[in-house]
Amino acid sequence: MSRPEFLDIPPLVGTAGTVRLPGSKSISNRVLLLAGLCAGTTRVHDLLDSDDTQVMLEALRALGCGIARDGDGLSVTGLGGRLVVREARLFLGNAGTAMRPLAAALALLSATQGGRFELSGVPRMHERPIGDLVDALRPLGCRIDCLGQEGYPPLRIDGGRLALDAPIRVRGDVSSQFLTALLMALPLVAQDRELIIDVEGELISRPYIEITLALLARFGIAVRRDGWQRFTIPRGAAYRSPGEIHVEGDASSASYFIAAGAIAATGEALRIEGVGSASIQGDIRFVEAARAMGADVREEANALIVQRGAWPLRAITLDCNHIPDAAMTLAVMALYADGPSRLTNIASWRVKETDRIAAMATELRKVGATVVEGADFIEVAPPARWRPAAIHTYDDHRMAMCASLAAFNPLAGGREPVRILDPRCVGKTFPGYFDALFGVAQAAPSSIPVLTVDGPTASGKGTLGSALADRLGYYHLDSGALYRATAVAALRAGLAPDDEAGTAALARCLPLRFESQRALLAGEDVTDTLRLEDVGNRASQIAALPAVRQTLVELQLGFRQLPGLVADGRDMGTVIFPDAALKVFLTASAETRAERRHKQLISKGIPASIQALCADLEARDARDQNRSIAPLKPAAEARLLDNSALSIEASVEQVLDWWESVQPFGAS
Ligand code: C5P
């Protein structure tokens with residue numbers, strides 16, 4: 001499937017319900033590495049399935065770890081400290097949580113056992129510093145070359161001779177991941193000596209070090225900590241698998257829903273499951289910051305219950321060093337505050353997936369905020385006037401998730417949709433983010449956009465509708481399938497074609513569901529049955545019965561859900577969705593349509609004649625056009641598209657051009 005280029009979020013006005021968080025990225029990748037280094041098998045539950053964990057899993061697999069699905073978990077059989085693969089090229093995407101600790105572990109293993117490894121990533125990964133870690137490892141006798149610019153990946157690790165007599169020093173003021181990497185890797189070589197790591201400079205993002213220490217403890221390694229300057233790995237330390245381990249929900253991911261609740265849970269509360277007061281993640285302290293801005297948050301051990309408290313939110317000034325990732329969410333909450341908010345001590349933002357200070361400043365200005373940025377701070381004042389904005393996401397999952405919160409602007413005097421460019425970048429940590437958001441967000445039904453594709457039988461509405469829905473990230477209603485499913489039910493029940501009351505009664509409680517492009521009638525997959533010619537004929541007959549049409553109206557209206565709908569059929573633009581933002585009337589000559597259907601049938605091994613099909617289509621057109629109820633005709637404002645000579649792609653592009661012309665985003 002093509003990667004959607006954008007996702008438009010309509011103006012949102014509320015939140016309620018329950019959201020279940022995906023596993024924590026920080027915990028997932030640490031657990032995977034530790035399970036991969038220790039002996040034996042570890043069963044991991046609730047692991048995050050995302051881009052960053054995928055690259056870690058791929059790397060471990062390439063290094064010879066055993067990785068297997070195990071019920072609803074994953075089992076990892078580790079190396080037990082012995083390299084089994086001595087030469088590998090590992091591609092680590094943009095996952096700092098994979099690059100840094102794998103570099104340290106492989107450097108130590110290679111220096112003691114030999115082996116040559118290349119670690120690379122996407123271009124942005126090659127701009128993210130790793131020099132402080134390399135500088136810590138080289139004095140220990142590890143041979144590491146930076147293959148591009150010194151201090152940055154890609155890296156080549158190639159043997160060396162371990163010398164652990166000198167003190168181990170690492171800088172702590174650029175990224176705490178360098179210290180994490182050393183803490184996780186050094187137990188590999190602590191069999192016969194105690195190892196002391198001294199941190200140079202002020203250690204940032206300390207809560208992440210706490211996660212590292214907590215997980216090392218689960219794997220049998222008790223690191224001694226003296227303040228935040230010195231860490232001691234005891235002599236004889238050895239990884240021991242806990243056998244079984246559960247990954248908590250991601251506290252940074254929780255921040256978007258805590259914010260959504262603080263902004264928009266005005267009635268029922270929003271329940272967030274997966275993290276709570278028992279969390280070992282530092283970002284759980286985002287809760288305190290959100291409370292300071294006015295959020296009403298109750299904590300259970302493994303859940304958070306959020307409601308709007310103060311409104312507008314209270315502006316804050318906060319040192320965010322302890323919650324660097326979640327602090328981005330505060331910058332967006334600041335859009336809804338009673339004055340300018342200032343987030344300080346966030347220099348690390350500049351070396352993350354993108355330069356997050358610059359990115360946040362640029363994008364928040366687009367929605368109308370006034371933003372001041374400095375080397376290590378950002379100050380955001382809420383918009384005086386909200387503007388519709390197309391938000392660049394810089395391949396940064398957090399930019400995309402943060403920006404989505406600007407869609408609640410109707411609660412602060414706006415009424416603007418928000419366009420998220422490259423929305424799939426959320427896959428780094430939260431592939432189902434937008435589904436989760438739309439599962440708890442509310443919008444006025446009339447503000448949920450609808451694009452209708454009406455037209456005669458076999459004009460290609462279904463194919464066009466489905467392709468458009470893919471590109472826009474919208475739901476797709478193939479209304480013909482509803483008539484066809486009713487026809488199947490009627491044929492099976494032995495009803496006469498003109499049994500209006502009987503057919504309407506069947507339609508009223510039609511047990512029809514759509515699941516990943518399949519149609520299920522009472523649980524049975526009827527996708528292919530729906531396409532049969534006798535089913536189509538019966539559908540067209542019962543579609544002329546007013547009681548049947550009336551019954552199916554509610555069902556069709558129910559498809560108008562966030563973030564939007566592409567609806568195709570005979571009367572989508574004229575009757576069901578008269579307020580659709582764009583109406584397309586799709587046609588093709590009867591001959592072209594008969595040829596297309598002929599090709600389809602033959603490819604399925606069903607014999608057919610073009611002449612008979614053509615006559616059939618013309619008869620069906622006549623019936624659809626001349627019936628007294630909802631006759632087939634273009635809506636007054638519909639754009640006509642004759643696709644007789646157009647490819648599907650060309651039709652899709654044409655409709656997307658029209659769609660763009662009715663959107664408010666312009667060229668941002
Ligand atoms: O589009 P499709 O061929 O699947 O539709 C089957 C029949 O259902 C059509 O021939 C048409 O008569 C009827 N229909 C309708 N209104 C819709 C969709 C389908 O009358 N919105």
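The values are calculated or read from the model by the stated rules, or taken from the named source; none is laboratory data. None of the values given here were measured: they were computed from a predicted structure. Neighbour counts are summed over all protein chains in view; Cβ atoms, including those assigned to glycine, are modelled from backbone coordinates with ideal geometry. The area values use the complete protein model at the heavy-atom level, side chains included, leaving out ligands, DNA and RNA. Shrake-Rupley method; radii C 1.70, N 1.55, O 1.52, S 1.80 Å.
Selection of region 616-638 for residues being open to solvent by 90 Å² or more (accessible area, probe 1.4 Å) and under 40 Å from the mean Cα position of the chain (by Cα) yields Lys633, Ala636, Glu637. Could you please give the count of residues in region 349-394 that are more than 25 Å from the chain's Cα centre (by Cα), within 28 Å of Pro129 (Cβ to Cβ) and assigned to a loop (DSSP other than H, G, I, E, B)? Residues that pass the stated criteria total 3. Taking region 206-305 as the region of interest, the helices (runs of 4 or more DSSP H) fully inside it that hold 1 or more residues being of a type in the set (S, T, N, Q), under 15 Å from Val19 (Cβ atoms) and in contact with a Ser or Thr (Cβ under 9 Å, 6 or more places away or on another chain) are 251-264.
Table: residues versus (1) assigned by TED's automatic domain parsing to the domain that holds Pro410; (2) buried (at least 24 other Cβ atoms within 10 Å of the Cβ).
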{"position": "Ser241", "(1), (2)": "no, no"}
{"position": "Ala254", "(1), (2)": "yes, yes"}
{"position": "Ala260", "(1), (2)": "yes, yes"}
{"position": "Ala264", "(1), (2)": "yes, yes"}
{"position": "Ala269", "(1), (2)": "yes, no"}
{"position": "Ile272", "(1), (2)": "yes, yes"}
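Assess whether Gly439 counts as being surrounded by fewer than 23 Cβ atoms within 10 Å (Cβ to Cβ) and either away from the ligand (no atom under 16 Å from the Cβ) or closer than 22 Å to Asp422 by Cβ (or both). Taking the combined requirement at face value, the residue satisfies it.
Looking at this structure, is Arg356 surrounded by fewer than 19 Cβ atoms within 10 Å (Cβ to Cβ), among the basic types (Lys, Arg) and within 30 Å of Gly666 (Cβ to Cβ)?
Against the criterion (surrounded by fewer than 19 Cβ atoms within 10 Å (Cβ to Cβ), among the basic types (Lys, Arg) and within 30 Å of Gly666 (Cβ to Cβ)), Arg356 does not qualify.
For region 300-307, the criterion of being without any contact (Cβ under 8 Å) to a residue 24 or more places away in the chain and either in the same structural domain as Ala441 (by TED's automatic domain parsing) or of a type in the set (Gly, Ala, Ser) (or both) is satisfied by no residue at all. In region 554-579, how many are near the ligand (Cβ under 9 Å from one of its atoms) and in the same structural domain as Ala507 (by TED's automatic domain parsing)? Looking only at that region, the number is 1. Of Leu545, Leu532, all but one fail to be open to solvent by less than 60 Å² (accessible area, probe 1.4 Å), within 13 Å of the ligand (Cβ to nearest atom) and out of contact with any Leu (no Cβ under 8 Å at 6 or more places or on another chain); the exception is Leu545. For Ser479, indicate whether it is near the ligand (Cβ under 8 Å from one of its atoms) and among the small types (Gly, Ala, Ser). For Ser479, the condition - near the ligand (Cβ under 8 Å from one of its atoms) and among the small types (Gly, Ala, Ser) - is met. In region 505-516 there is at least one residue that is away from the ligand (no atom under 15 Å from the Cβ), surrounded by 12 or more Cβ atoms within 10 Å (Cβ to Cβ), within 24 Å of Leu632 (Cα to Cα) and not hydrophobic (A, V, I, L, M, F, W, C).
Given the criterion open to solvent by less than 80 Å² (accessible area, probe 1.4 Å) and in contact with a Lys or Arg (Cβ under 8 Å, 6 or more places away or on another chain), identify the matching residue among Leu613, Leu646, Leu565, Leu641. Write out each step before concluding.
On the way: Leu646 fails: in contact with a Lys or Arg (Cβ under 8 Å, 6 or more places away or on another chain); Leu565 fails: in contact with a Lys or Arg (Cβ under 8 Å, 6 or more places away or on another chain); Leu641 fails: in contact with a Lys or Arg (Cβ under 8 Å, 6 or more places away or on another chain).
After ruling out the rest, the residue left standing is Leu613.
Those strands (runs of 3 or more DSSP E) of region 58-152 in which 1 or more residues are within 28 Å of the chain's Cα centre (by Cα) occupy 66-70, 73-77, 87-91, 116-120.
Among the residues of region 172-192, is there at least one that is part of a loop (DSSP other than H, G, I, E, B), within 18 Å of Gly81 (Cβ to Cβ) and open to solvent by 30 Å² or more (accessible area, probe 1.4 Å)?
Taking region 172-192 first, the residues part of a loop (DSSP other than H, G, I, E, B) are 172-176, 190-192.
Cutting the leftovers down to within 18 Å of Gly81 (Cβ to Cβ) gives us 190-192.
Remaining after also requiring open to solvent by 30 Å² or more (accessible area, probe 1.4 Å): 191-192.
For region 172-192, residues part of a loop (DSSP other than H, G, I, E, B), within 18 Å of Gly81 (Cβ to Cβ) and open to solvent by 30 Å² or more (accessible area, probe 1.4 Å): present.
Residues of region 303-320 that are under 11 Å from Thr344 (Cα atoms) and under 26 Å from the mean Cα position of the chain (by Cα): Cys320 alone.
Residues of region 609-642 that are modelled with pLDDT of 95 or more and within 14 Å of Ala590 (Cα to Cα): Asp642 alone.
Residues that are in contact (Cβ under 8 Å) with a residue 12 or more places away in the chain and surrounded by fewer than 16 Cβ atoms within 10 Å (Cβ to Cβ) within region 55-98 comprise Ala62, Gly66, Asp70, Asp72, Gly80, Arg82, Val84, Val85, Arg86, Glu87, Arg89, listed in sequence order. Looking at this structure, is Ala163 within 18 Å of Leu109 (Cα to Cα), buried (at least 19 other Cβ atoms within 10 Å of the Cβ) and in contact with a Leu (Cβ under 8 Å, 6 or more places away or on another chain)? It is false that Ala163 is within 18 Å of Leu109 (Cα to Cα), buried (at least 19 other Cβ atoms within 10 Å of the Cβ) and in contact with a Leu (Cβ under 8 Å, 6 or more places away or on another chain).
Each residue in region 554-575 was checked for being within 13 Å of Asp478 (Cα to Cα) and not small (Gly, Ala, Ser), and 11 of them qualify.
Consider region 193-208 and keep the residues that are modelled with pLDDT of 95 or more and crowded, with 18+ Cβ neighbours inside 10 Å. The one that is nearest to Asp319 (Cα to Cα) is Val199. On inspection, Tyr433 qualifies as open to solvent by less than 20 Å² (accessible area, probe 1.4 Å), among the aromatic types (Phe, Trp, Tyr) and within 23 Å of the chain's Cα centre (by Cα). Do we have any residue at all in region 195-206 that's small (Gly, Ala, Ser) and in contact with a Lys or Arg (Cβ under 7 Å, 6 or more places away or on another chain)? Yes. Would you mind stating whether Leu582 is more than 16 Å from the ligand (Cβ to nearest atom), closer than 30 Å to Pro445 by Cβ and open to solvent by less than 60 Å² (accessible area, probe 1.4 Å)? It is true that Leu582 is more than 16 Å from the ligand (Cβ to nearest atom), closer than 30 Å to Pro445 by Cβ and open to solvent by less than 60 Å² (accessible area, probe 1.4 Å).
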